[in-house]
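Trainee: Submitted below is the structure of interest, expressed as structure tokens.
Please treat every number below as a calculation from the coordinates, not as lab data. Treat the numbers as computed from the prediction; the structure is a model and nothing was measured. Glycine also receives a Cβ, built like all others from the backbone with ideal geometry; neighbour counts cover every protein chain displayed.
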């Protein structure tokens, strides 16, 4: 029995069915990347990309003698053409990216400027939030949805500004993070469940194979948490400040807030990034990330390219010279 | 005259009811005794064990939805179950659950949690006293769940599988007499032919999964085991069982993506004699 066990352990019969592709050659890695994107990417039509044409163009640049770095660069150039911040190839030496969505737009934000020019007193750091009291208006900044948004922090902020005229939520330069954090935060600004959009996932070999649309709603904190009271939510006017660097989860957060009655979006268009990514480890150990879903507003408007603000405000070159955040200043005037 | 007839009539009816009740009671007593005798006979022909133990496992996994590479690793698990021998029948159920730490050749780490439930109901063919060879139906419910932090939104992948098929079991004493004569060699194999498979579409925040009913070919599973059954001590009805178990699963999501999961396990269990 022992010998049978040792033979089976050593040979691992199941490996006959496993095409282990580790240390694959350049051509195999290229095909693997192209194929994974072909079968999973969700925005070919929206971005008007002819993926087969790109195969022909970049496949011709692959040769067996090329270095890992050369292969990476060819793949990076091909992925760049998708114009998607959620499409990345990660190796030990680099991460491919296309960040044109914010690099080609005005910055429209500097936290340093706000800290130096507008905070006359010490701001508070409440969990992942920077909190400042402008007298009659509360200001809350969140720069990263990767950090956990916890109930106790939101309780404190809402309680602190409960007697104020309203609240400014600043999510400029927030590149995203965990979707649950955005949902948790948005649930504090509504007293009822609100339909905020529709989502579907790629689920077939054809570029147009998707699941059915499923509704995405934000439930009020009041209905989500037993024992909560109306003092745990904030229904006074809220202004959300945005710029092109609001990406991914932040884009979702802005759309969630956009559907609430007491909220006004001010600033620049968001950066988009609605495709929730799926990942795969490639046969040479590199990691590929690809958008695999679509998210639209309840009216069916695609949010991948960004969400337009209710009131468009930019920080001009002159404003920068004068150390003025005109987006913040405009938001403050809305409460006068 | 009429009154007499009425009295006669009522007397007859009451007597009939009384006799019926008595007869029924007597029959019930009879049936109870028969049932008791049957039960005693059945018990005398039955040997029953409760099984409890632990598992050391090593797995090789290729899940093309998450990786093009084979992930390998090992872990531990628990085993609980029961086994009944009765006349020409062998029935066994087992529940196993474990954890494995898997690594790809490029060190992508996954945590695999697995569960396995088997039930076999086998009939001895032919009826022999020197060995047992039995075949019959088997039902399995198995799951493998892999959590891979590097895959972020794709962090959880799993396969949940229910299946029915056929199983065979063989058991024979190692020697007819002398030393080790109480040691028993056994082997079993289970091959399902009808499957229900559930796999995630994507493990993103609102997971959608694909449910499929398949026959052999679309999904394939084999569960095979060889081992020894050893008495705890002389004249002690309890037993040890040491076995090597190989569990193989192959499932195709579509023509391009498949999952292959091979688990090799050393199973140590204690069979507690219940009857």
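Trainee: So, by mean Cβ neighbours within 10 angstrom, what's the order for A:192-202, A:49-59, A:78-88 with the highest one leading?
Mentor: Output ranking for A:192-202, A:49-59, A:78-88: A:78-88, A:192-202, A:49-59.
Trainee: On to the next question. In what order do A:27, B:199, B:146 fall by count of nearby beta-carbon atoms within 10 Å, going from fewest to most?
Mentor: A:27, B:199, B:146
Trainee: Between residue A:27 and residue A:57, with labels modelled 7 Å along Cα→Cβ, what's the label distance in nm to one decimal, could you check?
Mentor: Once both label points are built, they end up 2.3 nm from each other.
Trainee: Pairs of Cα atoms under 8 Å, at least six residues apart: use those to get the relative contact order of region A:228-336, whole percent.
Mentor: For region A:228-336, the relative contact order is 26 percent.
Trainee: Within 10 Å of each residue's Cβ, count the other Cβ atoms and sort A:148, A:24 from fewest upward.
Mentor: Sorted ascending by nearby Cβ count, the order is A:148, A:24.
Trainee: Here is a further query. Would you mind giving the mean number of other chain beta-carbons within 10 Å of the Cβ of each residue in B:152-161, as a whole number?
Mentor: Mean shielding by partner chains, rounded to a whole number: 3.
Trainee: Expressed as an acute angle from 0 to 90° and rounded to the nearest 10, what is the orientation of the C-alpha long axis of helix A:151-160 relative to the principal long axis of chain A?
Mentor: Approximately 20 degrees, to the nearest ten.
Trainee: What does the C-alpha gyration tensor say about the overall shape of region B:133-275? Classify as rounded when a/c is under 1.5, otherwise prolate if a/b is larger than b/c, or oblate.
Mentor: In terms of gyration-tensor shape, prolate.
Trainee: What is the average number of partner chain Cβ atoms found within 10 Å of a Cβ in A:273-280?
Mentor: 6
Trainee: Over all Cα pairs of region A:225-336, how is the pair count split among 10 Å bins, expressed in % and running from 0 up to the last occupied bin?
Mentor: With 10 Å bins starting at 0, P(r) equals 13, 32, 28, 19, 7, 1.
Trainee: Still on this structure, please answer the following. Just to be sure I understand: of the beta bridges DSSP finds with both ends in the protein assembly as shown, what percent are antiparallel, rounded to 5?
Mentor: Around 90 percent antiparallel, to the nearest 5.
Trainee: Tell me, what is the FRET efficiency for residue A:310 and residue A:333 to the nearest 0.05, using R0 = 22 angstrom and their Cβ-Cβ distance as r?
Mentor: Working from the Cβ atoms, E equals 0.95.
Trainee: Now a separate question. Quick check: pseudo-label points 7 Å beyond the Cα along Cα→Cβ at residue A:116 and residue B:170, how many nm apart are they?
Mentor: Placing both labels 7 Å beyond Cα along the Cβ direction yields 8.4 nm.
Trainee: Hey, what did region B:162-275 get for relative contact order, percent, Cα under 8 Å, at least 6 apart?
Mentor: Over region B:162-275, the number comes to 19 percent.
Trainee: How far is it, in nm, from the label point at residue A:321 to the one at residue A:191 when both lie 7 Å from their Cα along the line to the Cβ?
Mentor: In this crude spin-label approximation the distance works out to 4.9 nm.
Trainee: If I build a Gaussian network model for chain A, linking alpha-carbon pairs within less than 10 angstrom, which residue out of A:48, A:25, A:147 has the largest mean-square fluctuation?
Mentor: In the Gaussian network model the winner is A:48.
Trainee: So for A:42, A:12, fewest C-beta neighbours within 10 Å to most, what's the order?
Mentor: A:12, A:42
Trainee: Ok, one more. Considering only A:270, A:249, A:90, give the residue with the highest GNM mean-square fluctuation for chain A, with springs between Cα atoms whenever their separation is below 10 Å.
Mentor: The residue that fluctuates most here is A:90.
Trainee: Using packing as a proxy for protection, rank B:104-114, A:203-213 so that the peptide with the highest average count of other Cβ atoms within 10 Å comes first.
Mentor: Sorting B:104-114, A:203-213 by mean packing, highest first, produces B:104-114, A:203-213.
Trainee: Let me ask you something else. Taking every residue in B:249-260, how many Cβ atoms of other protein chains lie within 10 Å of its Cβ, on average?
Mentor: 2
Trainee: Can you give the angle from 0 to 90° between the axis of helix B:2-44 and the longest principal axis of chain B, with both taken from C-alpha atoms, to the nearest 10?
Mentor: On a 0 to 90 degree scale, this one is about 40.
Trainee: For chain A, what is the percent of antiparallel DSSP beta bridges, rounded to the nearest 5?
Mentor: Percentage antiparallel, nearest 5: 60.
Trainee: I need the P(r) histogram for chain A: all alpha carbon pairs, bin width 10 Å from 0 out to the longest distance, whole percents.
Mentor: Reading the bins upward from 0: 5, 22, 27, 20, 14, 8, 3, 1, 0.
Trainee: So for the protein assembly as shown, considering every pair of alpha-carbon atoms, how many percent are separated by more than 48 Å?
Mentor: Here the long-distance tail beyond 48 Å is 37 percent of all Cα pairs in the protein assembly as shown.
Trainee: For chain A, find the longest principal axis of its Cα atoms and tell me its angle to the long axis of helix A:249-258, 0 to 90°, nearest 10.
Mentor: Roughly 40 degrees, rounded to the nearest 10.
Trainee: Further question on the same structure: Would you give the gap between the C-alpha center of region A:131-172 and the C-alpha center of region B:33-56, rounded to a whole Å?
Mentor: Using only Cα atoms, the two centres lie 67 Å from each other.
Trainee: How long, wide and thick is region B:126-172, going by the Cα atoms along their three principal axes, in whole angstroms, largest first?
Mentor: 58, 20, 8
Trainee: Under 10 Å, Cα contacts only: if you run a Gaussian network model on chain A, which one of A:278, A:326, A:67 comes out with the highest mean-square fluctuation?
Mentor: A:67
Trainee: Further, regarding this structure: Just report the Cα centroid separation between region A:56-119 and region A:213-292, whole Å.
Mentor: Rounded to whole Å, the Cα centres lie 23 Å apart.
Trainee: Expressed as a whole percent, how much of the Cα-Cα distance distribution for chain B exceeds 30 Å?
Mentor: 46 percent
Trainee: What order do you get for A:305-313, A:92-100 when each peptide is scored by the mean count of other beta carbon atoms within 10 Å, highest first?
Mentor: A:305-313, A:92-100
Trainee: Counting only helical runs of four or more DSSP H residues, what would the 222 nm mean residue ellipticity of chain A come to if each run contributes -39,500 (n - 2.57) and the total is spread over all its residues?
Mentor: Calculated at 222 nm, the ellipticity per residue is -8500 deg cm²/dmol.
Trainee: Given the DSSP H assignment, sum -39500 (n - 2.57) over each helix run of at least 4 residues in chain B and divide by its residue total; what's the result at 222 nm in deg cm²/dmol, nearest 500?
Mentor: Computed mean residue ellipticity for chain B: -6000 deg cm²/dmol.
Trainee: Just the ratio, please: alpha-carbon radius of gyration of region B:27-135 over 2.2 N^0.38 Å, N its number of residues.
Mentor: 1.69
Trainee: Something else about it: Given R₀ = 35 Å, what would the calculated FRET efficiency be for residue B:273 paired with residue B:149, taking r from the Cβ atoms and rounding to 0.05?
Mentor: My answer for the efficiency is 0.15.
Trainee: Now a separate question. Over chain A, what is the mean sequence separation of C-alpha contacts under 8 Å (at least six apart), divided by residue count, expressed as relative contact order in percent?
Mentor: Relative CO of chain A lands at 20 percent.
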